[in-house]
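Okay, so here's the structure we're looking at.
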Protein chains: 2
Amino acid sequence: MSTSHSLSGNAVIGQSGGPTAVINQSLVGVIEGLAGASCIDKILGAHHAVAGIVKNDFIELQDIPAERLERLALTPSAALGSSRDKPDADYCNRILKSFEKNNIRYFFYIGGNDSSDTCRIVNELAKADNYELRCFHVPKTIDNDLVNNDHTPGFGSAAKFVAQAFIGDNLDNRALPGIKINIIMGRHAGFLTAASMLARQHADDGPHLIYVPEAAFDLEKFKDDVAKIYGRLGRCLIAVSEGIHDKDGTPMMTKLATSVEKDAHGNVQLSGTGALGDHLADALKDHLGKDTRVRADTFGYLQRCFAGCVSQTDAHEARLAGRKAAEYALADDCDGSIAIQRVSNKPYEVEYKRIELTDVAAKTQTLDPKYIVHGNNIDPSFKDYLGPIVGDLPVVESLRVH
Amino acid sequence: MSTSHSLSGNAVIGQSGGPTAVINQSLVGVIEGLAGASCIDKILGAHHAVAGIVKNDFIELQDIPAERLERLALTPSAALGSSRDKPDADYCNRILKSFEKNNIRYFFYIGGNDSSDTCRIVNELAKADNYELRCFHVPKTIDNDLVNNDHTPGFGSAAKFVAQAFIGDNLDNRALPGIKINIIMGRHAGFLTAASMLARQHADDGPHLIYVPEAAFDLEKFKDDVAKIYGRLGRCLIAVSEGIHDKDGTPMMTKLATSVEKDAHGNVQLSGTGALGDHLADALKDHLGKDTRVRADTFGYLQRCFAGCVSQTDAHEARLAGRKAAEYALADDCDGSIAIQRVSNKPYEVEYKRIELTDVAAKTQTLDPKYIVHGNNIDPSFKDYLGPIVGDLPVVESLRVH
């Protein structure tokens, strides 16, 4: 799209999809990046993302004092409100109409791969309509599944939560031995589940087994895997992605819900929030004996918005991703997405590159197979990748009680 | 029991029941309190509590360097290992035999009301046997349900976890409105569930409804309660204790599992880890329409051992409770339990009193009815009680988006 550098008008920012602990950092980053630009009139926040845009439901953001912005940046979840709407062409046309009506010339959309696709469609419609518009996608997802990104804002803090949860739960499982299954978010990508490996500090620390969606799940092998660890250690801590599926791609959540054994009343269990963990626990009890102590927890929403568990690296990068999007949009005649790419690991350093919207839109990154061991674990080398993103974790002491 | 102040021999410490984030503080407190006492030969840790005592499975603790003790104190869960064993008279006799065999003259048992009862029984058996023994119970329970205590070590940190989880989840629920149910630990006492009220910082912040086991639960009233809030705010965040029961005392976890509607296959849901939340969510969907966005999470074990979420007050008090038990045992010819009692609220100050084992053993404290409002909420005055125990919480900023 051909635009001048001094394209004047209003800017709008939206926050889309599942909230994270640092998505407000990116919001504040965009606001800071736009502050003082003479070509920007109002900085608008879209209430509940695209849903607010099509309803002309905006809040003005340009006059918020710096100290309030800073508190906002430290606040988890999406302060503007979010949306699960996945706009089709017609919806995107309504977005464009709202932009034209409100003289919005800068569009910043903080979200995952669906959100980048919305950016792409709106951008293409604007071009076709000869409406000058700069569209920037700012990455965000705890799933860490955006292509062309080393990692994504939101993931580091969620991974820190998972790691801290496993540090505690491993000690809990040591104190009261048994089998413990923890179900982690991530339908298609296993990054967050794999992050549980950071909990290992001492010999025989859990998680002892890690199952990600990138490896086909086999219930019989699972039972054998657990039986071996349990036989050796008298306990077993297991990280399981909610998205595990069999070799044909059928999610275990569905499969187990329809093939489980009946109870004394001849009734079968259904799927539900805690169902995957419960089904796996039942399968293990059948295999190892009804008296085996087996428990399952599903971490649920706590993973993405827990207040007070933020990776400082993640917070910093989320802020900069937003700021860079604003700077690119103001400085150059361009659209795109901000991609975080690792320049070096020691010392850890990243750069914030502009990539085309089509380079990220609607694509899904998954865990590199080199990190997946025997389909039931994560290689120690994953820590080199993950460690700097998560930052310092609580270090625990052990009495080395057997 | 008549003993001299210079009763000489070994000491043993055990950690019992569900672990907490600060139970190792109490362990270290006892060790510190005994350190240097000429009448103490070895300080033994019982591996897995009473189970280790009867198996002569001990670890020596008297020579651990101070800096390692300090790291141990900061480590969640029970470093000695714990046990769910609830000793009967015969089991307690075996404990006493182990004490006699190992010349154990000081017994410190860190645990809840069952553990204090074990102390009481062992103490009485020792008296009957004319075996000189000093028995001290050190309070610990995230349930906060010990009588004659203002509150108990472990509760403050678990309450902090629940509050921080709700601070985040309230913002999550604001961003993506719907109905969210969170199931909190506590079979008989609602303190931990009530702690969710600390998450309220701004107008209309959740939790909007709080259900504790101290108030009879009525499913029809629950559905009406939620419908009202949901109608007014377009969202509803709900804290539910796992121990809620109907007016006849039947746990809802059991009741809902046997009386729920059948699915398309004519099958009924069973109980499980996430079952209570799922059943309540299903009931709300039936009431408000299948398209209503209803989610449920069960916080599970994360509440008691999450690494990196500790109330400093709780950590300090857990340490002192252990130290005081050692000091009482060494200084006076007495047995007992350490009771934390509040001396003043502003400034917050507690004392560590010695009470008789029979004053705490096998009794259960529940939430004062004055804090329970309409059977579905917690009075703001509960914050005066709870605030100092939990300490500072993350303060969040709002754009006051409607």
Quiz item: Sorted from shortest, what are the nm distances separating the label point of B:GLU349 from equivalent points in the other copies, each placed 7 Å from Cα along Cα to C-beta?
Solution: 5.6
Quiz prompt | Total charge dipole magnitude, chain A, about the Cα centre, Cβ charges on Lys, Arg, Asp, Glu only, Debye to nearest 20 | solution = 580 debye
Practice problem: In nm, give the distance between the simple-model label positions of B:ASN93 and A:ASP88, each being 7 Å from the Cα along the Cα-to-Cβ direction. | Solution: 7.8 nm
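With charges only on Cβ, +1 for K and R and -1 for D and E, what is the dipole size of segment B:18-79 about its Cα centre, in debye, rounded to 20? Kindly include the intermediate steps, with their values, before the conclusion.
On the way: 4 positive and 7 negative charges, 35 e Å.
Around 160 debye, computed over segment B:18-79.
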Practice problem: Could you give me the radius of gyration and the Dmax of segment A:75-119, taking only the C-alpha atoms into account and expressing both in angstrom? | Solution: 11.7, 34
Quiz item: Could you give, in nm with one decimal, how far B:LYS42 is from each other copy of that position, shortest first, with labels 7 Å out from Cα toward Cβ?
Solution: 7.7
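Size of the dipole of the protein assembly as shown about the Cα centre, Lys and Arg at +1 and Asp and Glu at -1 on the beta carbon, nothing else charged, in debye to 20?
Details: 86 positive and 106 negative charges, 8 e Å.
It comes to approximately 40 debye.
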Practice problem: Return the residues of segment A:26-60 for which accessible area with all protein chains present is lower than in the chain on its own by 30 Å² or more; set the probe to 1.4 Å and exclude ligands, DNA and RNA. | Solution: A:HIS47, A:HIS48, A:ILE59
Quiz item: Accessible area drop of at least 40 Å² (1.4 Å probe, protein heavy atoms): which residues of segment A:378-402 qualify, relative to the chain alone?
Solution: A:GLU397, A:LEU399, A:VAL401, A:HIS402
Exercise. Tell me the label-point distance for the pair A:HIS374, A:ASP248, using the 7 Å Cα-to-Cβ offset, in nm and rounded to one decimal.
Key: 2.8 nm
Quiz item: Shape call for segment A:46-105 from the C-alpha gyration tensor, a ≥ b ≥ c root eigenvalues: rounded (a/c under 1.5), prolate (a/b greater than b/c) or oblate?
Solution: oblate
Quiz prompt | Helical mean residue ellipticity (222 nm; -39500 (n - 2.57) per DSSP H run of 4+; nearest 500) of chain B | solution = -11500 deg cm²/dmol
Quiz item: Counting Lys +1, Arg +1, Asp -1, Glu -1, what net charge surrounds A:ILE244 among other residues with beta carbon under 15 Å of its beta carbon?
Solution: -4
Quiz item: Considering only Cα-Cα distances, which of the following residue pairs are longer than 30 Å: A:LYS228/A:LYS363; A:LYS160/B:LYS285; A:LYS285/B:LYS255; A:LYS42/A:LYS86; A:LYS247/A:LYS290; B:LYS140/B:LYS346?
Solution: A:LYS228/A:LYS363; A:LYS160/B:LYS285
Quiz prompt | Residues of the protein assembly as shown: accessible area per residue with a 1.4 Å probe, Å² | solution = 36 Å²
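Using 1/(1 + (r/R0)^6) with R0 = 56 angstrom and r between the beta carbons of A:LYS228 and B:THR292, what's the FRET efficiency to the nearest 0.05?
Values: r = 44 Å, r/R0 = 0.79.
Efficiency for this residue pair is about 0.80.
List the accessible area buried at the contact between B and A, summed over both sides and calculated with a 1.4 Å probe, in Å² to the nearest 100.
Details: alone 17320 and 17340 Å², together 29130 Å².
Buried: approximately 5500 Å² between A and B.
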Quiz item: Any idea of B:ILE229's accessible area? Nearest 10 Å², probe 1.4 Å.
Solution: 30 Å²
Quiz prompt | Percent carbon-and-sulfur accessible area, the protein assembly as shown, ignoring ligands, DNA and RNA, probe 1.4 Å | solution = 48 percent
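Percent of Cα-Cα pairs more than 38 Å apart in chain A, please.
Numbers: 21616 of 80601 pairs.
Roughly 27 percent, rounded to a whole number.
Could you compute the FRET efficiency for B:GLN62 and B:ASP392, with r as their C-beta to C-beta distance and R0 at 25 Å, rounded to 0.05? Display every interim value, and only then the final one.
Values: r = 36 Å, r/R0 = 1.44.
Efficiency, from the Cβ-Cβ distance: 0.10.
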Quiz item: Can you list the HN-Hα couplings for segment B:385-390, worked out from phi with the Karplus curve (6.51, -1.76, 1.60; θ = phi - 60°), rounded to whole Hz and with x for Gly and Pro?
Solution: 6, 7, x, x, 6, 8
Exercise. Would you tell me the mean number of C-beta atoms belonging to other protein chains that fall within 10 Å of each C-beta in B:65-76, as a whole number?
Key: 3
Exercise. Please work out the C-alpha center-to-center distance from segment B:12-86 to segment B:87-137 and express it in whole Å.
Key: 16 Å
Exercise. Excluding A:LEU176 itself, calculate the net charge of residues whose Cβ lies under 12 Å from the Cβ of A:LEU176, where each Lys or Arg counts +1 and each Asp or Glu counts -1.
Key: +4
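Could you calculate the FRET efficiency of B:ARG342 with B:GLN201 from 1/(1 + (r/R0)^6), where r is the beta carbon distance between them and R0 is 22 Å, rounded to 0.05? It would help to have the intermediate numbers written out before the result.
Working: r = 25 Å, r/R0 = 1.12.
It comes to 0.35.
What is the mean number of Cβ atoms from other protein chains located within 10 Å of the Cβ atom of each residue in peptide A:288-299, rounded to a whole number? Each step should come with its number before you reach the end.
Values: counts 0, 0, 0, 0, 0, 1, 0, 3, 6, 9, 8, 5.
Neighbouring Cβ atoms belonging to other protein chains average 3 per residue here.
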Quiz item: Once Lys and Arg get +1 and Asp and Glu get -1 on their Cβ, which of A:ILE31, A:PRO65, A:GLN15 lies farthest toward the positive end of the dipole of segment A:1-98?
Solution: A:GLN15
Practice problem: Once you've got the GNM for chain B with C-alpha springs shorter than 10 Å, pick whichever of B:LYS324, B:LYS346, B:LYS221 has the biggest mean-square fluctuation. | Solution: B:LYS346
Quiz item: Taking a label point 7 Å from Cα toward Cβ, how far is A:LYS383 from its twins in the other copies, in nm, shortest first?
Solution: 4.3
Exercise. Considering the options A:LEU357, A:ALA239, A:ALA175, tell which one lies farthest towards the positive end of the dipole of chain A, charges being +1 on Lys and Arg and -1 on Asp and Glu at the Cβ, about the Cα centre.
Key: A:ALA175
Quiz item: Roughly what % of DSSP beta bridges within chain A run antiparallel, to the nearest 5?
Solution: 30 percent
Quiz item: Taking the alpha-carbon centroid of each part, what is the distance from segment B:179-210 to segment A:302-342 in angstrom?
Solution: 32 Å
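The values are calculated or read from the model by the stated rules, or taken from the named source; none is laboratory data. All values derive from a computational prediction rather than experimental measurement. As a convention, Cβ positions derive from the backbone with ideal geometry for all residues, glycine included, and neighbour counts pool all protein chains shown. Calculation scope for accessible area: heavy atoms of the full protein, side chains included, ligands and nucleic acids excluded. Shrake-Rupley method; radii C 1.70, N 1.55, O 1.52, S 1.80 Å.
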